[in-house]
Each structure stands twice: as structure tokens, then as C-alpha cells.
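Working notes, structure below.
The values are calculated or read from the model by the stated rules, or taken from the named source; none is laboratory data. Treat the numbers as computed from the prediction; the structure is a model and nothing was measured. In this analysis, Cβ positions are derived from the backbone assuming ideal geometry, glycine residues included, and neighbour counts consider all displayed protein chains.
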Amino acid sequence: MADSSFDVVSKVERQEVDNALHQAEKELNTRFDFRGTGASIEWSGEESITLTADTEERLKAALDVFKEKLIRRDISLKAFDAGEPAQSGKVYKLTGSLVQGITTENAKKISKKIRDEGPKGVKAQIQGEELRVSSKKRDDLQAVISLLKGEDFGIALQFVNYR
């Protein structure tokens, strides 16, 4: 019988992030406490988002609004790396980026965790920016998924191609 397997990936649905961004933008434009603060949010490039406001407090509040919209769209906050607020002339700016793909370092941590604490007979292979986990028993794969869900690797993990 062939081995069963699944892939561990760290990907973000860009359309969902775009929807969250537009919802946050709409809220910033309509909420009373953001009137006249110059608060705005927009894409800057393919993977980064820029927030601007007149004061640092309003900038942090705008960031909270955006994070709330990400959570509502089932996007992990680990997938958005917010930078530090910086003053640029009279306005404050914050640039955050989407974190996608599993780095080699994180992939090694995950595979070591599977080797050390996972069931016997489970193999993990690094394949580019994802990790393939395979085993003869499907129950072992379920155990590995629950083991990885309980651990914090600092990135958002998804489990795909379960077969």
C-alpha cells in the first residue's frame, strides 16, 4: 500500500487580504474618530501594505482596524508582519508585509519536531518552501497535524494535499 501524505505550507490568499484591506479602508473613511486624521491604508507593491496617519496613536488604531479585518477573514496575524511606525515629515507611516513560504530554517525546526515527538515511521521532506509529511498510517498523519497545530513556529501553517 502506498504512503499517505500531506504538505505543510505557509500561504496567504491575496484576494482575502485585499478584501480585508478594502474593508479597513472603508471603515477608516467612515468612522467618526478617524475623520480629519489623514488615516489611510493601501497596497505598496505586491506583498506590502502601507498605513499612514497624522499621529502615531491614530496609526496604531488604523493598524488595529486592519488586523481585526484580517481575523474576520480567517487570516492568521502571523501572516502579516507589521513594521515600526516612523515619522515622515508631518505624517506617520507604517509598512507591513505578507509573510509567505516556509524558510529553510523553519522547515528544519518543523521536521526536527516531527522526528523527535511525532509517531515512528513518519517522514518529513523539505521541498522548496513547503514540507511533505508522509507515513503508512493515516492516524499518524493526523497526530502530526495536531502536534504541529499545538506548536508555535512564528508562521501561519496550513495543511494541504492530504491523501
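Pick from region 37-59 the residues that are charged (D, E, K, R) and either more than 24 Å from Val99 (Cα to Cα) or outside any strand (DSSP E or B) (or both): which of them is farthest from the chain's Cα centre (by Cα)?
Per the criteria, the residue is Asp54.
Are any residues in region 18-47 under 20 Å from Leu157 (Cβ atoms) and modelled with pLDDT of 95 or more, and if so, which ones? Walk me through how you get there before you give the answer.
So in region 18-47, the residues under 20 Å from Leu157 (Cβ atoms) come out as 20, 47.
Selection gives Ala20 alone.
Would you point out which residue out of Lys93, Lys78, Lys69 is in a strand (DSSP E or B) and in contact (Cβ under 8 Å) with a residue 40 or more places away in the chain?
Result: Lys93 is the single residue among Lys93, Lys78, Lys69 that is in a strand (DSSP E or B) and in contact (Cβ under 8 Å) with a residue 40 or more places away in the chain.
Provide a single number: the residues in region 132-151 that are without any contact (Cβ under 8 Å) to a residue 40 or more places away in the chain, of a type in the set (A, V, I, L, M, F, W, C) and either exposed (fewer than 14 other Cβ atoms within 10 Å of the Cβ) or under 11 Å from Val8 (Cα atoms) (or both).
Of the residues in region 132-151, 1 are without any contact (Cβ under 8 Å) to a residue 40 or more places away in the chain, of a type in the set (A, V, I, L, M, F, W, C) and either exposed (fewer than 14 other Cβ atoms within 10 Å of the Cβ) or under 11 Å from Val8 (Cα atoms) (or both).
Mind listing whichever residues of region 102-131 are crowded, with 17+ Cβ neighbours inside 10 Å and not in a helix (DSSP H, G or I)?
Restricting attention to region 102-131, the residues satisfying the condition of being crowded, with 17+ Cβ neighbours inside 10 Å are 102, 106-107, 110-111, 114, 118, 122, 124, 130-131.
Hits for region 102-131 are Ile102, Gly118, Val122, Ala124, Glu130, Leu131.
May I ask you to list the residues in region 57-111 that are among the small types (Gly, Ala, Ser) and closer than 20 Å to Ser40 by Cα?
Residues satisfying the conditions are Ala61, Ala62, Ala82, Gly83, Ala86, Ser88, Gly89, Gly96, Ser97.
Which residues, taken from region 4-22, are acidic (Asp, Glu) and under 28 Å from Lys136 (Cβ atoms)?
The answer is Asp7, and nothing else.
Where the second residue is acidic (Asp, Glu) and not in a helix (DSSP H, G or I) and the first is more than 11 Å from Leu131 (Cα to Cα) and lies in region 101-115, which pairs have Cβ atoms under 7 Å and are six or more apart or on separate chains?
Lys113/Glu151
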